[in-house]
Amino acid sequence: MPPLIETRNLRHVYNAGTTSAVVAVDGISLTINQGEFVAIVGGNGSGKSTLAKHFNALLLPTGGEVYVDGRDTRTRASVWDIRQRVGMVFQNPDNQLVATVVEEDVAFGPENLGVPPAEIAARVEEALRTVNMLEYRRHAPHLLSGGQKQRVAIAGILAMRPQCLVLDEATTMLDPQGQREVIETIRRLNASGVTVIHITHAMDEAALAHRVIALQDGRIGLDGPPADVFARAEDLERMGLALPLIPALARRLREDGIPLPPGILSVDQLVDAVSALRPGQTARTNPNGVH
Ligand code: ADP
Ligand code: MG
């Protein structure tokens, strides 16, 4: 089976050959397999959105290649296949909802794919149930909260039965409650087998993924499990990125001489690690004493 997404030495130059040329993606080779939950982080302008748009042929390479489920994104005849497999959710929920009723909005994608009407109804119901929005099926999208709108946008993609969901800062404009709703939804989807690629500014969200890719200047700076990537605090700092809260807290405690094991990402892991310390190890061992 080919990887779900593969980029080979991908380059993307905007306005190539002009004085305003910008190298947005500068030689990225990566493989994403079916079922992965990947977070992509990086400062503003590091190339995250440009890279993501190559995952479903919204952009085509200006150098190198991208394959989705073995299909070259430059092959015109494959574009609809690719878009059906890999759906994107964007930052602003208001720009993504087109209909005046929630269920019509969710039906839009499968209608465009030519799915028979009877099946569309079933898919819409299933998709809205998956994102916990079934009871809002006859509501007007513009009256929903941000988190609810993004969940409807996700349902619209799920109704196309994609293998992969790409979220480009889909939580950035939401309030904390909306962020939690969307994160909970994508974790559940991933647990049910959908590949999730979550682009985010929020390092705490990235810590929930199984793999973190950090971009800098259109290149991959770090790529690995969160425990490894967030062990590289200095490298991240150089890329202008902070640690998530819990790894940052664990790092501070280690600097204060408390012998915590590496790889602490969650509150539970931190509590377990602290509880496992021997008596005396939690006391400050800093010989200079006073803080
Ligand atoms: P990110 O999503 O990480 O903020 P982008 O992929 O949006 O990064 O942008 C990468 C670089 O490409 C930036 O320098 C940005 O200004 C530039 N860029 C993005 N979109 C365009 C565009 N449509 N035309 C010209 N330059 C662009
Ligand atoms: Mg972006």
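Which loop-located trypsin sites (Lys or Arg not before Pro) does segment 104-173 contain, where loop means any DSSP state but H, G, I, E or B and the Cβ has at most 16 other Cβ atoms within 10 Å? Show your work: numbers first, answer last.
Working: sites: 123, 129, 137, 138, 149, 151; in loops: 137, 138.
Taking segment 104-173 and a limit of 16 other Cβ atoms within 10 Å, the loop trypsin sites (Lys or Arg not before Pro) found are 138.
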### Solvent-accessible heavy-atom area per residue, rounded to whole Å², over segment 75-123 at 1.4 Å
55 Å²
### Summary
Note: residue 95 to residue 44 extended length (0.36 nm per residue) minus current alpha-carbon separation gives 16.3 nm
### Summary
Percent relative contact order for the chain, counting Cα pairs under 8 Å at least six residues apart, stands at 20 percent
### Message
Per residue, how big is the convex hull of segment 101-220 when only Cα atoms are used? Give it in Å³.
### Response
117 Å³
## Note on the structure
Once residue 111 and residue 248 are pulled to full extension, the length gained, defined as 0.36 nm per residue separation minus their Cα-Cα distance, is 44.6 nm
### Task
Please work out the average accessible area per residue across segment 159-207, using the 1.4 Å probe convention, and give it in Å².
37 Å²
### Message
Probe radius 1.4 Å, ligands and nucleic acids ignored: give me the carbon and sulfur share of the accessible area of the chain as a rounded percent.
### Response
51 percent
### Query
Using the per-residue mean of other Cβ atoms lying within 10 Å as a proxy for protection, in what order, highest first, do the peptides 181-193, 254-266, 43-55 fall?
43-55, 181-193, 254-266
### Message
Sorting check: for 241-247, 154-160, 103-109, 221-227, which peptide has the highest mean count of neighbouring beta carbons within 10 Å, and how do the rest follow?
### Response
154-160, 103-109, 241-247, 221-227
### Summary
The farthest towards the positive end of the charge dipole of the chain, of the residues 113, 41, 18, given +1 on Cβ of Lys and Arg and -1 on Cβ of Asp and Glu, is 18
### Query
Taking one equal scatterer on every alpha-carbon of the chain, how large is log10 of I(q)/I(0) by Debye at q = 0.16 1/Å?
-1.25
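The values are calculated or read from the model by the stated rules, or taken from the named source; none is laboratory data. Note that this is a predicted model, so its numbers are computed, not measured. Because the Cβ atoms are built from the backbone with ideal geometry, glycine has one as well, and the counts that use them run over all protein chains shown. The accessibility values were calculated without ligands, DNA or RNA, using every heavy atom of the protein model including side chains. Shrake-Rupley method; radii C 1.70, N 1.55, O 1.52, S 1.80 Å.
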